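Quick notes on the structure that follows.
The values are calculated or read from the model by the stated rules, or taken from the named source; none is laboratory data. Source: prediction; values computed, not measured. Ideal geometry is used to build each Cβ from the backbone, glycine not excepted, and the neighbour counts take in all protein chains shown. With ligands, DNA and RNA removed, areas are computed over all heavy atoms of the protein, side chains included. Shrake-Rupley method; radii C 1.70, N 1.55, O 1.52, S 1.80 Å.
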Amino acid sequence: MVDVNHVKPYGDTLNDGMVQLSFTLPIPLSNAAKEAARQLTASMGLEEAAVAHAEGISDTFSFFIVYGKCSHGVNIVGITVPEVALEVLSKKEIDDFIRTHLNRKLNVVGACIESDAHTVGIDAIMNIKGFNGHKGLESYHEINAVNMGAQVACEEVIHKVYEIQADAILISQVVTQKNIHITNLTRLVDMLEAEGLRDKVTLVVGGPRISHELAKELGYDAGFSSNTYAEHVASFLVQEVKRKNVWDSSKETG
């Protein structure tokens, strides 16, 4: 039985506490470097630390995978995490919802903004083929989905919002080094507010380091992380857009 008051990592057997760490050290590979990696892992509090893999990746850097045993556990009772509150609808239910409540197509702009060149996230949600058997927004009959791709300037996103009278903007941020995603996401919100558009659109962001809590802090309506599919995003959008529905419904785009 798992003790929910003291949950530990699982490796070979329940509660053995085994974990795997990978990291790079700015030193060339050598036996001394391996021992340094082992000692560093031990100093983190892991017992029985052992270097399972070591590889030189340049003349001045080396990469390590180290195993160790964690003696600590975590009490998960009472832990709460802010999440997007929504009822997940099927593709047909979403199309029916839009047809019934909007009387026009739902206009959605998607993009990886500024320096981010990784489209895997936005394509999984937007493209007709979707991801892992979940078709993207382009496959929905009542959604006009415009995928702008990667490295799209915030100004271009805003131009497209005006052009198609977008109800929603979907932003994907995969590249997060030095918190550049915070800078990019904040810039878009500031520009939308300056244009008087922020209250007109439902603004959603997704990515591996995105949480709903972070998204709300940055001024977005929702944040989605891993294991999110088009129907999750679309279910949230239709309910939010129905509440706003600020564009002239007689001007259908698509």
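Can residue 63 be described as open to solvent by 50 Å² or more (accessible area, probe 1.4 Å) and touching a helix residue (DSSP H, G or I) at 6+ places or on another chain (Cβ under 9 Å)?
Here the answer is no, as residue 63 does not meet what is asked.
Residue-level check: of (1) crowded, with 19+ Cβ neighbours inside 10 Å; (2) assigned to a loop (DSSP other than H, G, I, E, B); (3) of a type in the set (Val, Ile, Thr), residue 108 misses just (2).
Pull up region 12-34, narrow it to residues that are of a type outside the set (A, V, I, L, M, F, W, C) and closer than 12 Å to residue 65 by Cα, then point me to the one that is surrounded by the fewest Cβ atoms within 10 Å (Cβ to Cβ). Show your work before the answer.
Narrowing region 12-34 to residues of a type outside the set (A, V, I, L, M, F, W, C): 12-13, 15-17, 20, 22, 24, 26, 28, 30-31, 34.
Restricting the remaining residues to those that are closer than 12 Å to residue 65 by Cα gives 20, 22, 24, 34.
Numbers: 20: 12, 22: 10, 24: 13, 34: 17.
It comes out as 22.
Each residue in region 111-144 was checked for being surrounded by fewer than 20 Cβ atoms within 10 Å (Cβ to Cβ), among the polar types (S, T, N, Q) and at negative phi, and 3 of them qualify.
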